[in-house]
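Enquirer: I have a structure I would like to understand better, so I am pasting it below and will then ask my questions one at a time.
The values are calculated or read from the model by the stated rules, or taken from the named source; none is laboratory data. Since this is a predicted model, take the numbers as computed values, not measurements. Cβ coordinates were reconstructed from backbone atoms using ideal geometry, including for glycine residues, and neighbour counts include every protein chain displayed. Accessible surface is based on the protein model in full, side chains and every heavy atom, while ligands, DNA and RNA are left aside. Shrake-Rupley method; radii C 1.70, N 1.55, O 1.52, S 1.80 Å.
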Amino acid sequence: LIEIVNNESSDDPHAILAQYFLKNFDRIGRLNVYDLAEECYTSRASIRRFCKSLGYENFVDIKNEFEEYIKESSHYYRNCTDSENYMQLLSSQIYEMTQQINRNIGLQIEEIVTVIHQSKQIVFLVSDIYTRQCTEFQKEMILSGKMTYVVNQQYINANILKQLSAEDLLITISVGGFFAKETLKLVEDLPACKMLLTSNGNEKFRESYDKVFYMSGEEAGRNRFVYHMFGIEYCLEIIYLEYYKRFLK
């Protein structure tokens, strides 16, 4: 939604709906499609097309996602701010997250960097919220002599995806698993070696990817926001450091 607001003209129908969703985030669950159509001066068919463009079947599905996000978010931040020392609580959650990642990813990091080293080129497939972290990793890899690309949902039909071969590596980043589910059909048809970095234990992921790396030992749950905010950056940092130590030092 933020990506649409940032990149589309303010009078674009999708931008109008995206802005409305963001401004009314906490009351979307109480609205029905008729309310939305009336307040945004649009049709129910246009709303359904908009929801589909975001990866949802209809307005009800996106309402459910909003409600889940609000519930998890309020639970997480309420726990932090209700604590006598929320900075200490946050730091302990970050520490626990890094230890969990070290246990899960750390045990397989040699395999990850070996595949990266053997691949002709690397392509990250990510939702917009992780573009920045992957772009930083991309810069380091390119300067290290490994051509790396970042494809986010805005450029999902990028030519680089169509040109991938068995010699290449695709890495999908999807902490909560929604983006991975949304792009599953696209990934299944690609000939490259495919890796997924996630905290979602969906069985279909193991069927469609050559390797799935789990950031947490179980669904991120209450600490999901810690993984969203800091997890990917930490994972990519330890992967690059291991790559540097093994192949560049």
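Enquirer: What is the magnitude of the charge dipole of the chain about its Cα centre, with +1 placed on the Cβ of each Lys and Arg, -1 on the Cβ of each Asp and Glu, and no other charges, expressed in debye to the nearest 20?
Expert: 400 debye
Enquirer: Glu67 versus Glu8, label points 7 Å from Cα toward the beta carbon: distance in nm?
Expert: 2.5 nm
Enquirer: Could I ask something else about it? Pull up the cross-link candidates among the lysines for Lys146, meaning alpha carbon to alpha carbon under 24 Å and not fewer than 8 places away within one chain.
Expert: Lys120, Lys162, Lys194, Lys211, Lys245, Lys249
Enquirer: Just report the Cα centroid separation between the range 9-31 and the range 102-168, whole Å.
Expert: 33 Å
Enquirer: Return the FRET efficiency for the residue pair Glu38, Glu182: r is the Cβ-Cβ distance, R0 is 35 Å, and the value is rounded to the nearest 0.05.
Expert: 0.75
Enquirer: Sticking with this one: Per residue of the chain, what 222 nm ellipticity follows from adding -39500 (n - 2.57) for every DSSP H run with n ≥ 4, rounded to the nearest 500?
Expert: The helix contribution divided over the chain gives -16500 deg cm²/dmol.
Enquirer: Tyr34: accessible area at probe 1.4 Å, nearest 10 Å²?
Expert: We get 140 Å² for Tyr34.
Enquirer: Order of 141-147, 228-234 by packing, highest average Cβ count within 10 Å first?
Expert: 228-234, 141-147
Enquirer: Compute the helix-to-body angle for 44-53: its Cα long axis versus the longest principal axis of the chain, expressed 0 to 90° and rounded to tens.
Expert: Helix 44-53 and the main axis of the chain meet at about 10 degrees.
Enquirer: Sum up the charges of everything whose Cβ sits under 10 Å from the Cβ of Gln153, counting Lys and Arg as +1 and Asp and Glu as -1, but leave Gln153 out.
Expert: Counting the neighbours of Gln153, the net charge comes to -3.
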